[in-house]
Amino acid sequence: MKKDTHPQSRVTKFACACGASFENWTTKGGTDDVKIEICSVCHPFFTGKQKIVDSAGRVEKFNKRYAAAAKK
C-alpha cells in the first residue's frame, strides 16, 4: 500500500440545530466541531413527523403564488 494516499481521520464532535450532539470520525479539515442542520434525532424519516425544512423561502413563495392563483 502506498504511503500518504489516504486522508487523516479523526474523531469530531457534531452539533445539530435541534440541540443533539454526537461524535463520529471525519476526514474533513478545519475545526474540531461541526455544526449540522438535521440529524437522526430530528430527521422526519427517523421521527415519523413531517417537517418542512425551508432555508430559501421556497415554500412561502409557492404558497403565495398558488394562493393568488386560487383567488382568481
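The values are calculated or read from the model by the stated rules, or taken from the named source; none is laboratory data. All of these numbers come straight from a predicted model, not from anything done at the bench. Don't worry about glycine lacking a Cβ; one is built from the backbone with ideal geometry, like all the others, and counts go over all protein chains shown.
Is there a residue being exposed (fewer than 10 other Cβ atoms within 10 Å of the Cβ), modelled with pLDDT of 85 or more and of a type outside the set (Phe, Trp, Tyr) anywhere in the stretch 22-33?
There is at least one residue in the stretch 22-33 that is exposed (fewer than 10 other Cβ atoms within 10 Å of the Cβ), modelled with pLDDT of 85 or more and of a type outside the set (Phe, Trp, Tyr).
List every residue pair whose Cβ atoms lie under 6 Å apart, where the two residues are 6 or more positions apart in sequence or sit on different chains, the first residue falls within the stretch 1-29 and is farther than 17 Å from residue 42 by Cα, and the second residue, located anywhere, is of a type in the set (Lys, Arg) and outside any loop (DSSP other than H, G, I, E, B).
Pairs that qualify, where the first residue is farther than 17 Å from residue 42 by Cα and the partner is of a type in the set (Lys, Arg) and outside any loop (DSSP other than H, G, I, E, B): there are none.
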